[in-house]
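The values are calculated or read from the model by the stated rules, or taken from the named source; none is laboratory data. Bear in mind the structure is a predicted one, so any value in this text is a computation, not a measurement. Every residue, glycine as well, gets a Cβ built from its backbone with ideal geometry; the counts of neighbours run over all protein chains shown.
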Amino acid sequence: LEDQLIQAQKMESIGRLAGGIAHDFNNLLTPIKGYAEFLLQDLAEDNAAATKVERVLKAANRAQTLVQQLLSFSRKQILEMKVIDLNQTIKSFHDIMRRTIRENITIRLFLSDQGYGIRADKNQIEQVLMNLVVNAQDAIGERGEITIETAYVLLDDEYASNHTEVTPGRFLMLAVSDNGCGMDKETRQRIFEPFFTTKGIGKGTGLGLATVYGIVRQHGGNIWVYSEPGKGTTFKVYFPIVDDQLAYEQPALPEEVPLPV
Ligand code: ADP
């Protein structure tokens, strides 16, 4: 497996541009939807035109969903950073993941014995988990396995000197693996770009991993991908450890963290 450091510096500016367009688009969709709804109310159900207006509405709704995803991707998030126990977050989120993922896919958890504190916004971490797990599902065919693992990792000076963008330190690694279709090198190099998708029009937005990347960077973390066609994929996220003795429920320190430039 080839390990690969992700460099995606241009993508944030693309994201911001897209966010601007999405905002204007959203404003345009409001009257389209509104008048289509009025029109529908005016028409009797059995009117042939009603079906056509319904199609307009449906398309406008889809467009709005897409635009909203775009907006939430490019919007500066107000992060609510707290010291959290990632293992605890994974455990309490397991139920929701389980219900989202197809039944014939197994989700296994391998969590570090000890809990480590990372400074994070719980909702954002859940978004990372959900995006990675749903992608894993999409990569798996009929049946397969997703594993979620956490482990303490010490990245020492030697490691850091061999890897650009890595600062040495103590990290909590979150790995999400699947035994799905995997990716070739060309795909691997582009996955964090906004709008890059291989899932086809109407299926993928290409925003999942761009969002994940943004969140991880906002948390001072790094993300790496290991993938081989036909074998599967592992995403490894490294979060700096801030606390060995977990302090739960620390007072929230809301702060506005801009997207990395
Ligand atoms: P989307 O899911 O909408 O396509 P993403 O940004 O989440 O957008 O993913 C981009 C692309 O990365 C996917 O279309 C797919 O080609 C590839 N990809 C992501 N996760 C995996 C995975 N676990 N296995 C194989 N390919 C993946």
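Applying the selection to segment 151-172, what residues are of a type in the set (A, V, I, L, M), surrounded by fewer than 19 Cβ atoms within 10 Å (Cβ to Cβ) and in contact (Cβ under 8 Å) with a residue 24 or more places away in the chain?
Ala151, Val153, Leu155, Val166
Looking only at segment 72-79, decide whether some residue is surrounded by fewer than 17 Cβ atoms within 10 Å (Cβ to Cβ), of a type in the set (Gly, Ala, Ser), in a helix (DSSP H, G or I) and out of contact with any helix residue (DSSP H, G or I) (no Cβ under 7 Å at 6 or more places or on another chain).
The answer is yes, given that some residue of segment 72-79 is surrounded by fewer than 17 Cβ atoms within 10 Å (Cβ to Cβ), of a type in the set (Gly, Ala, Ser), in a helix (DSSP H, G or I) and out of contact with any helix residue (DSSP H, G or I) (no Cβ under 7 Å at 6 or more places or on another chain).
In this structure, does Gly230 turn out to be small (Gly, Ala, Ser), touching a Cys at 6+ places or on another chain (Cβ under 8 Å), over 19 Å from Gln127 (Cβ atoms) and assigned to a loop (DSSP other than H, G, I, E, B)?
Values: small (Gly, Ala, Ser): yes; touching a Cys at 6+ places or on another chain (Cβ under 8 Å): yes; over 19 Å from Gln127 (Cβ atoms): yes; assigned to a loop (DSSP other than H, G, I, E, B): yes.
So Gly230 fits the description; yes.
Being modelled with pLDDT under 95 and of a type in the set (A, V, I, L, M, F, W, C): is that true of Leu209 here?
Numbers: modelled with pLDDT under 95: yes; of a type in the set (A, V, I, L, M, F, W, C): yes.
When the stated conditions are applied, Leu209 passes them.
Checking Gly202 against (1) of a type in the set (Gly, Ala, Ser); (2) modelled with pLDDT of 90 or more; (3) within 11 Å of the ligand (Cβ to nearest atom), which single condition isn't satisfied?
(2)
If I go through segment 95-113 residue by residue, how many of them are over 20 Å from the mean Cα position of the chain (by Cα), surrounded by 11 or more Cβ atoms within 10 Å (Cβ to Cβ) and not hydroxyl-bearing (Ser, Thr, Tyr)?
2
Looking for whichever is assigned to a helix (DSSP H, G or I), under 24 Å from Leu17 (Cα atoms) and without any contact (Cβ under 8 Å) to a residue 40 or more places away in the chain here; the options are Ala59, Ala50. Which one fits?
Ala59
Find all pairs meeting these conditions: Cβ atoms under 8 angstrom apart; at least six residues apart or on different chains; first residue within segment 180-198 and on the phi < 0 side of the Ramachandran plot and near the ligand (Cβ under 6 Å from one of its atoms); second residue among the basic types (Lys, Arg) and not in a helix (DSSP H, G or I).
Short answer, once both residue conditions are applied: Thr197/Lys203.
Can you pull out the residues in segment 205-220 that are more than 7 Å from the ligand (Cβ to nearest atom) and among the polar types (S, T, N, Q)?
Thr211, Gln218
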